[in-house]
1. If you go through the range 50-67 one residue at a time, do you hit one that is touching a Leu at 6+ places or on another chain (Cβ under 6 Å), part of a helix (DSSP H, G or I), at pLDDT 95 or above and of a type in the set (Val, Ile, Thr)?
2. Is one or more of the residues making up the range 88-99 closer than 16 Å to residue 40 by Cα and outside any helix (DSSP H, G or I)?
3. If you scan the range 107-140, which residues turn out to be under 18 Å from residue 39 (Cα atoms), assigned to a helix (DSSP H, G or I) and either aromatic (Phe, Trp, Tyr) or in contact with a His (Cβ under 8 Å, 6 or more places away or on another chain) (or both)?
4. So which of 130, 122, 140 is at pLDDT below 95 and in contact with a Phe, Trp or Tyr (Cβ under 8 Å, 6 or more places away or on another chain)?
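The values are calculated or read from the model by the stated rules, or taken from the named source; none is laboratory data. The model shown is predicted, which means the values in this text are computed figures rather than measured ones. Methodologically, a virtual Cβ is constructed for each residue, glycine included, from the backbone with ideal geometry; neighbour enumeration extends over all protein chains shown.
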Amino acid sequence: MPTSRKPERLVVDANPILAALLGGQARRVFFEAGVQEFAVPEPVIDEVSRYVPSLARKLGVDVALVQYALELLPLRRYPAGAYARALGEARRRLAGRDPDDVAPLALALQLGIPLWSNDRDFEGTRIEWFTSAQLLALFFPPSTR
């Protein structure tokens, strides 16, 4: 349920990070949208890190280059303790869905900010949620692309 208001802070799920590392348009949101904070729970960084070797193979580059690109993304990492109080509510809202989505939802609930993910598991979780396409349209209308 995104609004037309440009978010100043976002919790980021794994898929926009992976898309940015692959050279997708998500990079524009990270580097050109003027978002003040991209909050990421540590388990999301761990998940993305597991994909670094396969991304490097897909891109035909050294693993160290992809790891460096990940480090360059303007991500503020949050340990589990920062959103521990919201974990139960996040689990309840995501019951029967991907357990990897609990940490990003819990962080979004804890911080009271929108979530950026292309994962449809966040539908119906009663949180402001944006896909990459929605953020690109919001920050970079067709006349500025």
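1. Yes, the range 50-67 contains a residue that is touching a Leu at 6+ places or on another chain (Cβ under 6 Å), part of a helix (DSSP H, G or I), at pLDDT 95 or above and of a type in the set (Val, Ile, Thr).
2. no
3. Answer for the range 107-140, where residues must be under 18 Å from residue 39 (Cα atoms), assigned to a helix (DSSP H, G or I) and either aromatic (Phe, Trp, Tyr) or in contact with a His (Cβ under 8 Å, 6 or more places away or on another chain) (or both): just 122.
4. Numbers: 130 fails: at pLDDT below 95; 140 fails: in contact with a Phe, Trp or Tyr (Cβ under 8 Å, 6 or more places away or on another chain).
Within the list 130, 122, 140, the selection yields 122.
Conditions (1) more than 13 Å from the chain's Cα centre (by Cα); (2) among the polar types (S, T, N, Q); (3) surrounded by 15 or more Cβ atoms within 10 Å (Cβ to Cβ); (4) under 14 Å from residue 11 (Cα atoms), marked per residue:
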{"site": "79", "(1), (2), (3), (4)": "yes, no, no, yes"}
{"site": "84", "(1), (2), (3), (4)": "yes, no, no, no"}
{"site": "97", "(1), (2), (3), (4)": "yes, no, yes, no"}
{"site": "105", "(1), (2), (3), (4)": "no, no, yes, yes"}
{"site": "115", "(1), (2), (3), (4)": "no, no, yes, yes"}
{"site": "129", "(1), (2), (3), (4)": "no, no, yes, yes"}
{"site": "135", "(1), (2), (3), (4)": "no, no, yes, yes"}
{"site": "138", "(1), (2), (3), (4)": "yes, no, yes, no"}
